[in-house]
1. Taking the stated definitions as given, is residue 404 within 16 Å of ligand 1 (Cβ to nearest atom), under 21 Å from residue 577 (Cα atoms) and of a type in the set (Asp, Glu)?
2. Please verify whether residue 505 is within 22 Å of residue 396 (Cβ to Cβ) and surrounded by fewer than 19 Cβ atoms within 10 Å (Cβ to Cβ), treating the condition exactly as stated.
3. So which residues in segment 508-526 are within 16 Å of ligand 2 (Cβ to nearest atom), of a type outside the set (A, V, I, L, M) and surrounded by 16 or more Cβ atoms within 10 Å (Cβ to Cβ), if there are any at all?
4. With the requirement that a residue be under 22 Å from the mean Cα position of the chain (by Cα) and surrounded by 20 or more Cβ atoms within 10 Å (Cβ to Cβ), what does segment 137-148 give you?
5. Tell me the helices (runs of 4 or more DSSP H) entirely within segment 436-506 that contain at least 1 residues that are away from ligand 1 (no atom under 15 Å from the Cβ) and either in contact with a Lys or Arg (Cβ under 9 Å, 6 or more places away or on another chain) or farther than 23 Å from residue 560 by Cα (or both).
6. Name the single residue that is surrounded by the most Cβ atoms within 10 Å (Cβ to Cβ) among those in segment 52-95 being aliphatic (A, V, I, L, M), in contact (Cβ under 8 Å) with a residue 60 or more places away in the chain and in a loop (DSSP other than H, G, I, E, B).
7. Mind listing just one residue for me: the one in segment 156-175 that is of a type outside the set (A, V, I, L, M, F, W, C) and surrounded by fewer than 17 Cβ atoms within 10 Å (Cβ to Cβ) and, of those, nearest to residue 19 (Cα to Cα)?
8. Filter segment 113-158 for residues that are of a type in the set (A, V, I, L, M) and in contact with a Phe, Trp or Tyr (Cβ under 9 Å, 6 or more places away or on another chain); which is nearest to residue 415 (Cα to Cα)?
Amino acid sequence: MKLTVAQALVRFLSRQYTERDGRRHRLIAATWGIFGHGNVAGIGQALLEAGPEAMPFFQGRNEQAMVHAAVGYARQSGRLSAHAVTTSIGPGATNLVTGAALATINRIPVLLLPGDTFATRPADPVLQQLEVPYAGDLSVNDTLRPVSRHFDRITRPEALIPAALQAVRVLTDPVQTGAVTLALPQDVQAEAYDWPEEFFAERVWGVRRPRPDRAELAAAALAVRSARRPLIVAGGGIRHSAAGAELAAFAEATGIPVAVTQAGKGVLPHDHPADLGGIGHTGTAAADDLAREADLVIAAGTRLTDFTTASATLFQNPAVRFIGLNLDPYDAHKLAALPLVADAREGLGELRQALAGHRVDPGYEAAYLQGRSRWESRVRGAWVVPACDEDRPPTQAQVLGLLDALVDDTDILVNAAGSLPGDLHKLWRARSADQYHVEYGYSCMGYEIPAAMGVALAAPGRPVWALVGDGTYLMNPTEIVTAVQEGIPVKVVILDNHGYASIGGLSGAVGAEGFGTAYRFRAPDATYTGAPLPVDLAANAASLGMAVIRARTVGDLREALAEARSATRPTCVYTQTRTPDTVSGPPPAQAWWDVPVAETATRRAAAEAREAYDRQAAQRRRHL
Ligand SMILES: Cc1ncc(C[n+]2csc(CCOP(=O)(O)OP(=O)(O)O)c2C)c(N)n1
Ligand SMILES: [Mg+2]
């Protein structure tokens, strides 16, 4: 069958499926694209020829944002269905780098199809070609190699056959998955080849659930039986494995409590008695106090980042040991853990059976239940709106409290950067397994709006909220146009605090005095301490086609959020938040995060911050 390389690739992709737990999904459910000379006549023409049945197409505004949308979709789809992203060559392709890193770090499948410079090189160099004097075979697409789990360049038509199969293998492999890049030289895309029919046969890729090794399981069970203060740290792997119910069964059978990372939050509903909420730097006191004294930590489906381990200071019990329940041996061995390499659901299920009859001490259980309810009252305190606040601008915690009062278990919150991830991790009461969508592997400003669109495509009919700071909004608002064009009714809540407030706070804490973090005019001394900038983000969102509701006070905001929730078109709620008084803010960090402070400085703030830093750093432990 004679087709161009691009036509063959689109046809091949339209016939790939995943299957897990007896359910089948289209692997590549749609393709996002921005066309330029590097893909317009190749992939562009092929998508046109394939038609929307074979391959739905979405037009984007920014290549990075298209990857964010694809990641939002794939995460919401449990990594069983994904999107492709096609770009031109040169800047269109390099705009993918940030999105690719985000996908790979979070282990979310996305297929990147950047155009590439001519393989035949008839007129060297061509438009946008990087010329590297020492390496004629390099192109700008090579910047995608370190941020892709798999990279290939199709320089001959027939090479597409093995390359496409390998690409799909990686996308559907729960250990390897992430950004997969197939760089497609512009001439090769349009070249014809006589393809074997079997290349286009429907193919079903089983997404495996490996069971644990017997010896590893026995060692893990023994460790749990001998522990007095065990704690589970549940990460994104639990969610990807859809192991929430098994985790609940494990916690109920053993009495072992569960603390969650950002990616894991929601795997137990907030009202499950074993749920201690977030762990680490942005964690709850209930979780962090327990972590400090834990003698066994079951790290389940987590990469154990610095936020989780409080930069290696959290687990202070001298006798602490770890079990690494993870599909990926790379993670299973972290912190010198006893590895338990398995799918989270299978691993937890078999470990529960191996522990039959075992339960933690009732005193331990009673203590953590108390810690849990103490934290719950602190959450209520953080977002309560006293009558005197009704006509004032809301604090950020109050915005979250108003949302908490409004949503049910169908709502989905999307966020990634600024001060919101910390507040959400501490305060949010996740009602369902997929309500809490915070991207904190890469914490990329600008993820929220496009990702919310991808989430909404995977969860039609559910209210999807992109919560964005003003800095984050300005980083990447343009996909609003796409949401308007496609009628995707995302809800964007802009919390304007006139700058990079989280970094401003961090800067103050590390002796950098807030330098360069406020959105203000220059003062006579040249610092950004003048009047706030006269930027109207609400007008900006309206100019991109959104319905916009401005909320000045808490009372306005309550109404605005309710109106946005029932809106059927993309709707923005804009509010300026107020700095909380000491009593009304979210609780402070319960554990450290390592941000190195200047070891020598003439300014006093840095010298003082360094003293505090050294004290904290002395708490670091190596778990060997
Ligand atoms: C793309 C990107 N650039 C820089 C950062 C570093 N950073 C983290 S939070 C932040 C400020 C975010 O500002 P805003 O969205 O207004 O939230 P706020 O801190 O005010 O809550 C910055 C610059 C980042 N995470 N992502
Ligand atoms: Mg801000």
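1. no
2. Taking the combined requirement at face value, the residue satisfies it.
3. 514, 517, 519
4. 144, 147, 148
5. Where helices (runs of 4 or more DSSP H) fall fully within segment 436-506 and carry at least 1 residues being away from ligand 1 (no atom under 15 Å from the Cβ) and either in contact with a Lys or Arg (Cβ under 9 Å, 6 or more places away or on another chain) or farther than 23 Å from residue 560 by Cα (or both), they are 448-458, 480-486.
6. 89
7. 169
8. My answer is 144.
The values are calculated or read from the model by the stated rules, or taken from the named source; none is laboratory data. Note that the coordinates shown come from a computational prediction; the quantities given were computed from them, not determined experimentally. No Cβ is skipped: glycine too gets one built from the backbone with ideal geometry, and neighbour counts run over all protein chains shown.
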